[in-house]
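Chemist: Got a structure for you, questions after.
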Amino acid sequence: MFPREVIAVGSLVLRPPVDDDVEAIVATCDDPVTARFLPLIPSPYTAQDAHAYVRRARAKWDSGGTEYSITEDGRYIGSIGTSAPSPWGSVELGYLVAPWARGKGVAGAVARGLAEWLLDRGVERVELAAEVANLPSLRVAYKAGFREEGRRRDAKALRDGQRVDHVMFARLARDAGEAMEPYLPFFEGGELGDGVVRLTPMDERDAADFHRMMAEPSVARFGMGPLGTLEDDEQRCRCTGYFWLSGQRVELAVRDAATGEFAGNLQLTRIIPAFGEAMVGYSLVPRFRGRGLMTRAVGLLADWAFAHTRLHRLIAGTDVANTASQAVLRRAGFVQESVRRQVFPQPDGSRSDEIEWLLLRPDTLSAGTAPPPDAQVRS
């Protein structure tokens, strides 16, 4: 059983909940964001619910767990607590932050502080789970020194019954606890654009348009693997923020700037930080072709990557027969680097060759790495 100590984390103080917190607890738990990501709490949330929570918090301490109010200058701004230790010395940590205190680093600070307090008292492993779509909570885990351990598919259900994935994190006694800074920062302002084309993070609202595009014969001809179901693509779109934050890949919707319509998909995948390398991939809705939208989109993404990340090499691969895609890459400044024989399986059982393309960080070219004589390098 843990001592009922008051814990100071910078200007924040963790103490057991009291009845004086009830009004603030109601305001926090009746908030739509809280209700969205904590589907097991009552909604609407009442003072009666808050008083019951305070009573359960006392019982939780008695059973070996912890439950704290997060306070600043004596005022309630959130809650954090843990389960009782398992027989193997593991505890599960959870938290919520009041709407008026969000965006100030509160959750990250107290998650780190409480985890270290627990590890100092003999806990072997502090576990944390965050819904795959809950980007603020995912950021908290990374910044608080937790290491990602995988994704549990359909781990829990929302209020409407929809199953959702959860990303699992843990911090061990032997971990250094350093914060993980994202290898690929999010776009400043949330998107890129040049007045003709816009690049926005793809989300669940784009799933139907993306699914239709991938099923279109001229797109499917050069696709890899079987066509996913609409449900598959909805799940993919729900995970795009997590994929980006965790450094796995960037999934973008390419939009007509004038109308906002979905015109295509642009990806940054196969990211290898040790090499400073990532692969560009894309597809375009047929009725938007011939307007130079994808050339602009690839150029915007490349310029952003070299200006805001440590990427040194952008690569791409095209089927030898996909001349339209090859033209996009040439116009965007990529140069042909090599040909890989018999890469892409074809419906008749044969295989087609892949042309590999390369775009290097521009400032390195002037430092002594000359491009091939026929290369056109982006300025």
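The values are calculated or read from the model by the stated rules, or taken from the named source; none is laboratory data. Bear in mind the structure is a predicted one, so any value in this text is a computation, not a measurement. Note: ideal-geometry Cβ built from the backbone for every residue, glycine included; neighbour counts use all protein chains shown. Protein only, heavy atoms only, side chains kept; ligands, DNA and RNA dropped before computing areas. Shrake-Rupley method; radii C 1.70, N 1.55, O 1.52, S 1.80 Å.
Chemist: Between residues in segment 228-252 that are farther than 24 Å from L300 by Cβ and residues that are part of a strand (DSSP E or B) and open to solvent by 20 Å² or more (accessible area, probe 1.4 Å), which pairs lie under 9 Å by C-beta distance while being six or more apart or on different chains?
Modeler: Final answer for the pair search is Q235/R153.
Chemist: Here are V339, V320: which of them is open to solvent by 30 Å² or more (accessible area, probe 1.4 Å), within 19 Å of R270 (Cβ to Cβ) and in contact with an Asp or Glu (Cβ under 6 Å, 6 or more places away or on another chain)?
Modeler: Only one candidate passes the filter, namely V339.
Chemist: Let me confirm something: among R174, R153, R205, which residue is exposed (fewer than 13 other Cβ atoms within 10 Å of the Cβ), of a type outside the set (S, T, Y), out of contact with any helix residue (DSSP H, G or I) (no Cβ under 6 Å at 6 or more places or on another chain) and in a helix (DSSP H, G or I)?
Modeler: Just a single option satisfies the conditions, and that option is R205.
Chemist: Restricting to segment 177-202, and then to whatever is open to solvent by less than 40 Å² (accessible area, probe 1.4 Å) and among the aromatic types (F, W, Y), can you tell me which residue is nearest to F262 (Cα to Cα)?
Modeler: F187
One line per residue, one yes/no per condition, for (1) part of a loop (DSSP other than H, G, I, E, B); (2) touching a strand residue (DSSP E or B) at 6+ places or on another chain (Cβ under 6 Å):
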residue: F2; (1), (2): yes, yes
residue: E5; (1), (2): yes, no
residue: V13; (1), (2): no, yes
residue: A24; (1), (2): no, yes
residue: A27; (1), (2): no, no
residue: R36; (1), (2): no, no
residue: S43; (1), (2): yes, no
residue: Y68; (1), (2): no, yes
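Chemist: Taking the residues in segment 70-91 that are in a strand (DSSP E or B) and more than 22 Å from R171 (Cβ to Cβ) as candidates, determine which candidate is most open to solvent (accessible area, probe 1.4 Å).
Modeler: Among them, the one singled out is R75.
Chemist: Follow-up question, since we're still on this one. All but one of (1) touching a helix residue (DSSP H, G or I) at 6+ places or on another chain (Cβ under 6 Å); (2) open to solvent by 10 Å² or more (accessible area, probe 1.4 Å); (3) of a type in the set (A, V, I, L, M, F, W, C) hold for A129, so report the exception by its number.
Modeler: So A129 meets the others, but not (1).
Chemist: Being outside any helix (DSSP H, G or I) and among the polar types (S, T, N, Q) is the requirement here; does S325 meet it?
Modeler: no
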